[in-house]
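Trainee: Input: one structure, supplied below.
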Amino acid sequence: MYGYIDDFLAYLQVEKNASPHTLKNYQLDLFQGLDYFKGILKKEDFQITPTDLNYPLLRAYLANLKAKGLAGTTLARKLAAWRSFYRFLNREGKVNKNPFLKITSPKHRAKLPRFLFPDQCCLLMEVARGADPLSQRNLAILECLYASGSRVSELVNLSLTNVDLAAGYLKVTGKGACERLVPIGKYAVEALRQYLFGGRQDLVNPAKPGEAVFLNYRGDRLSARGVRKILDKLIRQSSLTYRISPHILRHSFATHMLDNGADLRSVQELLGHVRLATTQIYTHVTKERLKQVYQRTHPRA
């Protein structure tokens with residue numbers, strides 16, 4: 001089975017362009033499943049073959065995970081990993097059928113994404129504002145994340161050729177290597193202009209000049225983890241009392257767009273979602289917030 005798993009992960013990486021994070025999770029889920037199956041089958045894990053797994057065994061595996069208190073989202077993810085693996089094996093002619101297709105995914109209530117209110121976003125921008133190179137960079141990062149709804153991975157992977165300040169667009173590469181153009185507003189354009197023609201010039205390392213838009217203090221491309229550290233520092237400097245992640249700015253972008261009348265299809269395209277259902281979670285956020293406002297303000301709520 002380990003050889004098949006290696007082939008499957010290589011397929012995901014090369015043909016599906018899966019991220020390192022996805023590959024790591026799939027590998028972990030499949031290896032953990034093998035640890036369980038070897039105990040039930042009384043075999044060593046390297047002796048297990050794809051045809052050893054059947055519907056009752058798989059049901060028992062999920063029941064065991066549920067008994068351990070794992071969340072429905074975790075169970076669904078592990079099931080998805082095995083389904084995808086057996087779909088690959090079926091395509092390669094290693095199995096005749098996929099026993100995981102008979103198992104329905106555990107139902108779970110979708111967790112509503114957290115977001116910032118507009119005044120909180122503005123507060124973050126003001127905290128980041130400054131004349132030094134790192135402050136100019138930090139403000140440009142926040143403005144671009146909030147203005148475009150981009151993922152932090154998409155933002156840190158930007159190169160200079162992906163930025164069109166005159167037109168007010170960024171070309172980002174999302175999941176599955178899909179490229180899309182995202183507009184940015186005048187505040188983001190101005191912050192980006194000041195950084196590119198100001199602070200970035202001071203951060204560039206002459207010994208290793210590159211095309212990365214956002215640089216760290218050594219002149220290397222800034223990482224997603226670096227952006228999270230920047231945001232943590234800005235939160236400590238602000239009056240906001242809870243931890244947030246760069247992805248919350250993406251959630252805030254989508255929520256505020258819908259609050260102000262944007263249609264769902266447009267927000268889907270801006271976010272780079274393949275399925276409209278993924279974007280619809282933000283309509284639940286908007287409805288929930290309206291309900292809270294109603295209950296707080298209506299005299300007979």
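The values are calculated or read from the model by the stated rules, or taken from the named source; none is laboratory data. In this text, all values refer to a predicted model and were calculated from it rather than measured experimentally. Backbone-built Cβ (ideal geometry, glycine too); neighbour counts: all protein chains shown.
Trainee: All but one of (1) touching a residue at least 40 places away in the same chain (Cβ under 8 Å); (2) over 27 Å from Glu269 (Cα atoms); (3) surrounded by fewer than 17 Cβ atoms within 10 Å (Cβ to Cβ); (4) touching an Asp or Glu at 6+ places or on another chain (Cβ under 9 Å) hold for Tyr187; which doesn't?
Mentor: (2)
Trainee: Give the residue that is farthest from Lys97 (Cα to Cα), with candidates limited to residues of the stretch 31-70 that are out of contact with any helix residue (DSSP H, G or I) (no Cβ under 8 Å at 6 or more places or on another chain) and touching a residue at least 24 places away in the same chain (Cβ under 8 Å).
Mentor: Arg59
Trainee: With respect to Lys42, is the statement that it is out of contact with any Leu (no Cβ under 6 Å at 6 or more places or on another chain) and either of a type in the set (Val, Ile, Thr) or under 30 Å from Ala147 (Cα atoms) (or both) true? Steps first, please.
Mentor: Details: out of contact with any Leu (no Cβ under 6 Å at 6 or more places or on another chain): yes; either of a type in the set (Val, Ile, Thr) or under 30 Å from Ala147 (Cα atoms) (or both): no.
So Lys42 fails the test.
Trainee: Further question: Among the residues of the stretch 284-292, is there at least one that is at pLDDT 90 or above and among the aliphatic types (A, V, I, L, M)?
Mentor: Kept after step one, since they are at pLDDT 90 or above, are these residues of the stretch 284-292: none.
Checked against the condition, which is being at pLDDT 90 or above and among the aliphatic types (A, V, I, L, M), the stretch 284-292 yields no hits at all.
Trainee: Is there any pair linking a residue in the stretch 1-26 that is under 25 Å from Val152 (Cβ atoms) to one that is part of a loop (DSSP other than H, G, I, E, B) and not basic (Lys, Arg), with Cβ under 7 Å and at least six apart or on different chains, and which?
Mentor: Correct list of pairs: Leu12/Ala18.
Trainee: Moving on to the next point. Picking from Leu101, Leu58, which residue would you name as being modelled with pLDDT under 90, part of a helix (DSSP H, G or I) and surrounded by 19 or more Cβ atoms within 10 Å (Cβ to Cβ)?
Mentor: On the way: Leu101 fails: surrounded by 19 or more Cβ atoms within 10 Å (Cβ to Cβ).
Just one listed residue meets the conditions, Leu58.
Trainee: Looking at Val156, Val163, Val95, Val127, which one is more than 18 Å from Glu190 (Cβ to Cβ) and not assigned by TED's automatic domain parsing to the domain that holds Gln13? Walk me through it before giving the result.
Mentor: Numbers: Val163 fails: more than 18 Å from Glu190 (Cβ to Cβ); Val95 fails: not assigned by TED's automatic domain parsing to the domain that holds Gln13; Val127 fails: more than 18 Å from Glu190 (Cβ to Cβ).
Answer to the check: Val156.
Trainee: Would you confirm whether any residue within the stretch 275-285 is part of a helix (DSSP H, G or I), surrounded by 11 or more Cβ atoms within 10 Å (Cβ to Cβ) and touching a His at 6+ places or on another chain (Cβ under 7 Å)? Outline the logic, then answer.
Mentor: Taking the stretch 275-285 first, the residues part of a helix (DSSP H, G or I) are 276-279, 281-285.
If we keep only those that are surrounded by 11 or more Cβ atoms within 10 Å (Cβ to Cβ) as well, we get 276, 278-279, 281-285.
Then drop every residue that is not touching a His at 6+ places or on another chain (Cβ under 7 Å), which leaves 279.
The answer is yes; a qualifying residue exists.
Trainee: Out of contact with any Lys or Arg (no Cβ under 6 Å at 6 or more places or on another chain), polar (S, T, N, Q), touching a residue at least 60 places away in the same chain (Cβ under 8 Å) and assigned by TED's automatic domain parsing to the domain that holds Asn138: does that describe Ser266? It would help to see each step written out before you state the result.
Mentor: Numbers: out of contact with any Lys or Arg (no Cβ under 6 Å at 6 or more places or on another chain): yes; polar (S, T, N, Q): yes; touching a residue at least 60 places away in the same chain (Cβ under 8 Å): no; assigned by TED's automatic domain parsing to the domain that holds Asn138: yes.
In short, no.
Trainee: Same structure, new question: Return the total of residues in the stretch 207-232 being assigned to a loop (DSSP other than H, G, I, E, B) and at pLDDT 90 or above. If you could, list the steps in order and put the result at the bottom.
Mentor: First, pick out the residues of the stretch 207-232 that are assigned to a loop (DSSP other than H, G, I, E, B): 207-211, 213-214, 216-220, 222-223.
Next, from what is left, pick out any that are at pLDDT 90 or above: 211, 213-214, 216-220, 222-223.
So the count comes out to 10.
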